[in-house]
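Data first, discussion second: the structure below is written as structure tokens.
None of the figures in this text is laboratory data; all of them are computed from the coordinates on show. Computed from a predicted structure; not experimentally measured. Cβ placement follows ideal geometry from the backbone for every residue including glycine, while neighbour counts extend to all protein chains displayed.
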Number of protein chains: 2
Amino acid sequence: MAKLSGFPEHTPRERIVEQAVLDHLRSTFELHGFASVETRAVEPLDVLLRKGEIDKEVYGVRRLHGEDKESTLALHFDLTVPFARYVVEHANELDFPFRRYQIQKVWRGERPQQGRFREFTQADIDIVGRDTLPFHADVEVTQVMAEALGGIIALTGGTGATLQIANRKVLEGFYAGLGLADPTAVMQVVDKLDKVPADKIRVMLADIGVDDEQADQVLALAEIVTPDTSFVERVRALGVEHELLDEGLDELAQVVGSVRAPENVTVTADLRIARGLDYYTGTVFETRLAGYESLGSVCSGGRYEKLAADNRSTYPGVGISLGVSRLLAALLADGLTASRSVPSAVLVAVSNEAARAEAAEVAAALRSRGVPTEVAPKAAKFGKQIQHAERRGIPFVWFCGDPHTVKDIRSGDQVEADPTAWTPPTGDLRPQVLAPRLSSTPSEEKQ
Amino acid sequence: MAKLSGFPEHTPRERIVEQAVLDHLRSTFELHGFASVETRAVEPLDVLLRKGEIDKEVYGVRRLHGEDKESTLALHFDLTVPFARYVVEHANELDFPFRRYQIQKVWRGERPQQGRFREFTQADIDIVGRDTLPFHADVEVTQVMAEALGGIIALTGGTGATLQIANRKVLEGFYAGLGLADPTAVMQVVDKLDKVPADKIRVMLADIGVDDEQADQVLALAEIVTPDTSFVERVRALGVEHELLDEGLDELAQVVGSVRAPENVTVTADLRIARGLDYYTGTVFETRLAGYESLGSVCSGGRYEKLAADNRSTYPGVGISLGVSRLLAALLADGLTASRSVPSAVLVAVSNEAARAEAAEVAAALRSRGVPTEVAPKAAKFGKQIQHAERRGIPFVWFCGDPHTVKDIRSGDQVEADPTAWTPPTGDLRPQVLAPRLSSTPSEEKQ
């Protein structure tokens with residue numbers, strides 16, 4: 001049975017790592033009061049296609065024996081378009097500003113390649129207002145995602161991440177101040193800076209009517225990257241003036257100056273970031289993970305003045321989307337793993353099938369205190385039962401008797417224990433995520 | 001924008017109820033050592049159709065600009081077929097017997113109606129062996145699902161559920177002992193007993209060659225329902241003998257006699273249960289929820305001697321599937337709700353925009369101790385900020401100052417509090433699920 005290219009599936013051990021990452025994201029988002037939303041997997045095709053020229057990437061969906069021979073529905077390809085539709089559809093049931101997180105799979109028909117999947121999980125946070133949305137929402141989503149990233153890095157043994165923040169108003173205002181007629185076209189060229197050498201960028205700029213002196217200024221702006229608000233002075237030093245530029249600099253300084261990132265996350269003002277093909281109107285975000293620069297941005301987003309609209313209102317929003325699957329695939333490929341393949345902390349051994357009921361009682365007693373426990377499937381030799389635990393990474397094997405004993409199969413220590421009182425050390429209660437550099441310790445190699 | 005019929009979406013408050021139910025299921029399954037598996041949403045069409053005549057219900061999926069004009073992929077319509085495929089595909093990476101839970105959406109193109117959706121969530125548990133699977137696995141999945149159901153009923157204020165268990169071997173053995181040539185055909189007729197009156201069933205039985213005396217016996221067997229192992233004697237009293245019947249009675253007695261159900265769940269031997277159209281070979285399960293009998297079975301499954309097979313092995317399995325969406329929709333329609341629409345336990349008020357940084361610091365201090373907290377979006381009058389909390393059901397509003405104070409907006413009590421030490425009562429830390437009969441207490445009606 002051939003695997004479907006682009007539709008990866010995790011082993012149970014990998015899935016435990018994924019669950020730990022998703023649990024951490026949920027917990028961070030909820031600590032900040034973001035509510036969970038799930039939208040249906042399908043949208044009417046016309047809702048999805050409204051956003052632009054993306055129909056090549058879309059999976060159409062239709063009832064095989066339905067009346068329509070053509071697809072009128074399609075699988076969503078991101079979580080922003082469905083969320084915008086959800087906001088309008090449920091506007092009367094929501095309280096604005098509305099803060100939601102959404103962790104779901106999305107589908108794209110792109111050619112599968114390293115780190116690019118056809119089915120993958122995204123984790124989005126957005127704050128959306130009705131008619132207005134205060135600017136500090138931009139600071140807030142940055143703060144939340146910085147904490148979310150910091151936790152993932154701590155969990156997975158990573159070294160760090162950089163949240164790169166820019167503001168469309170800075171770029172557009174600067175280009176307008178330079179007298180350039182089509183700031184958006186310039187932005188789309190600048191957006192290619194990390195893939196195309198500067199001399200080719202100059203040629204492309206010339207092609208859209210940017211003269212040499214203007215091009216110097218455009219490229220000088222794009223070189224400004226600071227981990228604090230000093231970018232403001234550096235932009236000022238270029239001598240360009242425009243009202244929109246002032247507004248953008250003020251906004252960007254608020255974000256970079258206010259966010260208190262965890263120590264493994266750096267928040268920078270980075271004026272290379274343009275996100276030229278998206279419809280952002282202010283703050284824009286990208287994120288690079290140290291050691292995984294080839295992944296590109298793992299976490300991107302920005303401010304939309306009009307995320308959605310209905311007959312009565314517009315809904316401005318600001319949000320960031322984390323590419324969970326892409327990030328996880330890279331980390332798993334480098335050896336990120338879990339300490340076991342099952343939730344069980346304890347395997348209760350069974351000396352003979354007649355004693356299974358007693359083993360089940362011990363297991364029930366342990367579970368009643370929150371200890372994940374399974375009972376051996378077969379009254380095999382104890383050596384075999386210990387092997388059963390070892391293969392799965394279950395740390396403890398329980399032997400019923402008078403007295404009962406429990407064995408830590410990693411150390412070989414075996415002690416008397418009371419099924420109505422014993423609990424494992426906290427660190428053994430749940431499977432642990434083992435960072436790549438820790439995952440080949442001697443105790444793991446035994447398995 | 002018209003809603004898509006059959007693709008329901010929850011409000012944030014409803015979603016909190018759903019999250020509580022799903023969290024409970026996950027926690028129960030993991031306490032029993034079941035590992036989480038997620039399979040991709042799509043399967044090759046031929047894998048899905050292999051199971052039988054279900055192609056009318058399937059949603060085909062294809063890249064709109066792909067080469068194939070016809071769908072070669074389809075959305076899965078249950079979690080059993082994808083799991084069987086996963087077991088074969090990942091057999092070398094799994095340890096058998098393999099115990100997994102799987103909570104995912106499935107899609108069926110059926111006509112939407114009361115409690116029948118086109119997109120819905122199922123929660124499945126299965127134990128699968130390689131070549132053999134001990135019978136006590138049947139007892140184990142029953143035990144786990146009884147506990148899962150008990151917890152859901154406790155959480156949602158329900159009165160009870162009945163797990164109805166039968167065994168194909170009892171029915172087949174009994175029919176064979178009666179001298180009936182086609183036990184499966186008889187089972188398919190008996191399976192209609194809860195929809196078709198007994199006299200019509202007699203006609204249908206006569207049509208497939210069952211004589212009057214045999215029909216009496218067939219119907220007498222189907223009347224046997226006991227909450228304990230006394231069904232064995234009642235079957236014996238009918239005087240039919242067959243080896244397969246003996247085997248089935250022994251198995252069924254093991255399940256009904258061994259499971260220790262929580263007090264709100266009754267486990268019965270119920271010989272009406274045939275599940276005539278499924279490919280079960282031993283134990284079969286259905287479940288009725290007290291007060292929601294019209295939903296039919298909310299939780300069904302059974303034993304397959306051959307869940308899957310590859311060139312080297314067969315994979316017997318036993319599992320049960322809980323229809324989460326169907327159950328939840330019925331309970332939500334009856335008024336099941338959550339105490340709030342956001343995770344936040346505390347709203348930190350903002351006296352003026354210059355004081356937002358201080359409010360953010362208080363919020364960070366509360367979050368560092370696990371208290372979900374949000375900061376007011378606008379430095380409006382305090383009355384408005386309290387309204388903001390009330391609308392969302394947030395129980396506490398924090399006022400920065402010297403001293404800081406925190407107000408329980410339900411009682412109106414306001415006390416001095418230290419942001420580095422205060423925590424809400426445990427019951428207020430997370431949103432609570434409010435059972436229908438509790439959900440219209442005076443404090444809720446204010447909202």
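Of note:
- Hz values of 3J(HN,Hα) by residue in the range B:246-259 - Karplus curve (6.51, -1.76, 1.60), Gly and Pro given as x: 4, 4, x, 4, 5, 4, 4, 5, 4, 5, 5, x, 9, 6
- The H on the amide N of A:Ala35, modeled in the peptide plane, is under 5 Å from the matching H of A:Arg99, A:Arg100, A:Tyr101, each at least 5 residues off or on a different chain.
- Cross-link pairs exceeding 27 Å between alpha carbons, from the set A:Lys105/B:Lys69; A:Lys195/A:Lys306; A:Lys169/B:Lys378: A:Lys195/A:Lys306.
- Label-to-label distance, A:Asp207 versus B:Thr426, with points set 7 angstrom from Cα along the beta-carbon direction: 6.6 nm.
- Each copy carries B:Lys200; placing its label point 7 Å along the C-beta direction from Cα gives inter-copy distances of 7.3 nm, listed from smallest up.
- Axis angle, to the nearest 10 degrees, between helix B:324-333 and the longest C-alpha principal axis of chain B: 60 degrees.
- Shown for B:Asp413: label points 7 Å from Cα along the beta-carbon vector, and their distances to the equivalent points in the other copies, 4.4 nm in ascending order.
- Contact order relative to length of chain A, as percent, for alpha carbon pairs under 8 angstrom and 6 or more apart: 17
- The angle between the Cα long axis of helix A:136-156 and the main principal axis of chain A comes to about 40°, on a 0 to 90 degree scale.
- In the range A:240-328, chymotrypsin sites (Phe, Trp or Tyr not before Pro) in a DSSP loop with at most 12 other beta-carbon atoms within 10 Å: none
- Sparse-neighbour loop sites [trypsin sites (Lys or Arg not before Pro); the range B:1-33; at most 14 other C-beta within 10 Å; DSSP]: B:Lys3
- Computed FRET value (nearest 0.05) for B:Val415 with B:Gln387, which takes r as the C-beta separation and R₀ as 22 Å: 0.55
- Note, ³J(HN,Hα) from phi for the range A:99-110, Karplus 6.51, -1.76, 1.60, rounded to Hz, x at Gly and Pro: 10, 9, 10, 8, 10, 8, 7, 10, 10, 9, x, 4
- Virtual spin-label span in nm between B:Asp199 and A:Gln188, 7 Å along Cα→Cβ: 7.7
- Principal-axis tilt of helix A:356-367 within chain A, Cα atoms, nearest 10 degrees: 40
- Counting other Cβ atoms within 10 Å as a rough exposure proxy, the listed residues B:Leu45, B:Leu219 run B:Leu219, B:Leu45 from fewest neighbours to most.
- Counting only other chain Cβ atoms within 10 Å of each residue's Cβ, the peptide B:100-113 averages 2.
- A:Ala74 long-range amide H proximity, modeled H, under 5 Å: A:Glu43, A:Leu45, A:Val61
- Of all chain A residues, the one whose Cβ lies closest to the rotation axis that maps A onto B, given with that distance rounded to whole Å, is A:Val61, 3.
- With its label point defined 7 Å out from Cα along the Cα-to-Cβ axis, B:Ser368 lies at 4.0 nm from the matching points of the other copies, in increasing order.
- Here the Karplus relation 6.51 cos²θ - 1.76 cosθ + 1.60, evaluated at θ = phi - 60°, turns the backbone of the range A:260-273 into coupling constants of 9, 7, x, 5, 8, 10, 9, 9, 10, 7, 9, 7, 6, 6 Hz, with x for every Gly and Pro.
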